[in-house]
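Undergrad: First the structure, which I've put down as structure tokens, then a few questions once you've had a look.
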Amino acid sequence: MSGLVGNVGSRSGTIGEMGGQMRLISKALPSGTSACEFTGFSDIYQNYIFILNNLTPASAAAFYARAFLAGTEQTSAYLMSQTFSYTNSASDDAFTRHDSVIYFLMTEAVGSTAAQGGLSAFLTLTSPTNTEVAHRLYGNLNFCNASTYLYNALTSGHDNNASGGSAITKMKFWFNGQNFTNGSIAMYGVKDA
């Protein structure tokens, strides 16, 4: 797959308030690529935080995430629970989704214009190198769709393959059938979580 941009560049640093317990591992600027993938998980860090900033597709599209277990893309056996609320100031609503799905994370279609602002999120991946527990990806997402409805979502994904005893070796983020046109994803490692 094209667009492998994980572990890009030499930018690294700690967040002082965390006493050096949170470290920037990698930052990707995936503009023009079809997927953004991150590797390099280490047992030095118990958890990893992904900060997604203004990710924008070429045309409105759903956003997805998947894990690779022992080098193989996991295309089934995820459990996911999400709560979405949305508004356009004239109307609002909410819905929940609880599924056994083929993605660690999925959204409704994200808008593609500058005025819609792309997708931003704060996601935590738990214990990717641990082979004795299920892995989880959870957090908060914020985006506008093509009709300029503002969405806020709480999401929790569960890798249901814990019995397989495999570590996560790669995380993949992408828009359905669309390239990224803007935005960034930063991956931080968190010690002693």
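Undergrad: Do we have any residue at all in the stretch 102-116 that's over 12 Å from the mean Cα position of the chain (by Cα) and aromatic (Phe, Trp, Tyr)?
TA: Scanning the stretch 102-116, I find no residue that is over 12 Å from the mean Cα position of the chain (by Cα) and aromatic (Phe, Trp, Tyr), so the answer is no.
Undergrad: Output the number of residues of the stretch 40-53 satisfying the condition of being in contact with a Phe, Trp or Tyr (Cβ under 9 Å, 6 or more places away or on another chain) and surrounded by fewer than 16 Cβ atoms within 10 Å (Cβ to Cβ).
TA: 0
Undergrad: If you don't mind, another one. For the stretch 63-99, which positions are touching a residue at least 40 places away in the same chain (Cβ under 8 Å), within 23 Å of LEU150 (Cβ to Cβ) and either of a type in the set (Lys, Arg) or buried (at least 17 other Cβ atoms within 10 Å of the Cβ) (or both)?
TA: Answer for the stretch 63-99, where residues must be touching a residue at least 40 places away in the same chain (Cβ under 8 Å), within 23 Å of LEU150 (Cβ to Cβ) and either of a type in the set (Lys, Arg) or buried (at least 17 other Cβ atoms within 10 Å of the Cβ) (or both): PHE63, TYR64, ALA65, MET80, GLN82, PHE84, TYR86.
Undergrad: Scanning for something of a type in the set (S, T, N, Q) and in contact (Cβ under 8 Å) with a residue 24 or more places away in the chain, does the stretch 132-140 turn up at least one residue?
TA: No.
Conditions tested, residue by residue: (1) of a type in the set (A, V, I, L, M, F, W, C); (2) more than 25 Å from PHE68 (Cβ to Cβ).
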| residue | (1), (2) |
| --- | --- |
| THR87 | no, yes |
| SER91 | no, yes |
| THR96 | no, yes |
| ASP99 | no, no |
| TYR103 | no, no |
| MET106 | yes, no |
| GLN116 | no, yes |
| LEU119 | yes, no |
| LEU123 | yes, no |
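Undergrad: Report yes if some residue within the stretch 30-38 is closer than 15 Å to GLY177 by Cβ and β-branched (Val, Ile, Thr); otherwise report no.
TA: Scanning the stretch 30-38, I find at least one residue that is closer than 15 Å to GLY177 by Cβ and β-branched (Val, Ile, Thr), so the answer is yes.
Undergrad: Among the residues in the stretch 38-53, are any under 26 Å from SER147 (Cβ atoms), at pLDDT below 95 and in a strand (DSSP E or B)?
TA: No: the stretch 38-53 contains no residue that is under 26 Å from SER147 (Cβ atoms), at pLDDT below 95 and in a strand (DSSP E or B).
Undergrad: Can you pull out the strands (runs of 3 or more DSSP E) entirely within the stretch 116-193 that have at least 1 residues that are open to solvent by less than 60 Å² (accessible area, probe 1.4 Å) and over 19 Å from CYS36 (Cβ atoms)?
TA: Numbers: elements: 119-126, 136-144, 150-159, 168-175, 180-190.
In the stretch 116-193, 119-126, 136-144, 150-159, 180-190 are the strands (runs of 3 or more DSSP E) which contain 1 or more residues that are open to solvent by less than 60 Å² (accessible area, probe 1.4 Å) and over 19 Å from CYS36 (Cβ atoms).
Undergrad: Take the residues of the stretch 100-115 that are open to solvent by less than 60 Å² (accessible area, probe 1.4 Å) and part of a strand (DSSP E or B): which is nearest to ASN47 (Cα to Cα)?
TA: Ranking the candidates gives LEU105 first.
Undergrad: Between a first residue in the stretch 171-184 that is touching a residue at least 12 places away in the same chain (Cβ under 8 Å) and a second residue that is surrounded by 18 or more Cβ atoms within 10 Å (Cβ to Cβ) and among the basic types (Lys, Arg), which pairs have beta carbons less than 7 Å apart while being 6 or more apart in sequence or on different chains?
TA: So the pair list comes out as LYS172/ARG66; SER184/LYS27.
The values are calculated or read from the model by the stated rules, or taken from the named source; none is laboratory data. Please read all numbers here as calculations on a predicted model, not as lab measurements. Here Cβ is always computed from backbone atoms with ideal geometry, including for glycine, and neighbour counts include all displayed protein chains. Only protein heavy atoms, including side chains, enter the accessible area calculation; ligands, DNA and RNA are left aside. Shrake-Rupley method; radii C 1.70, N 1.55, O 1.52, S 1.80 Å.
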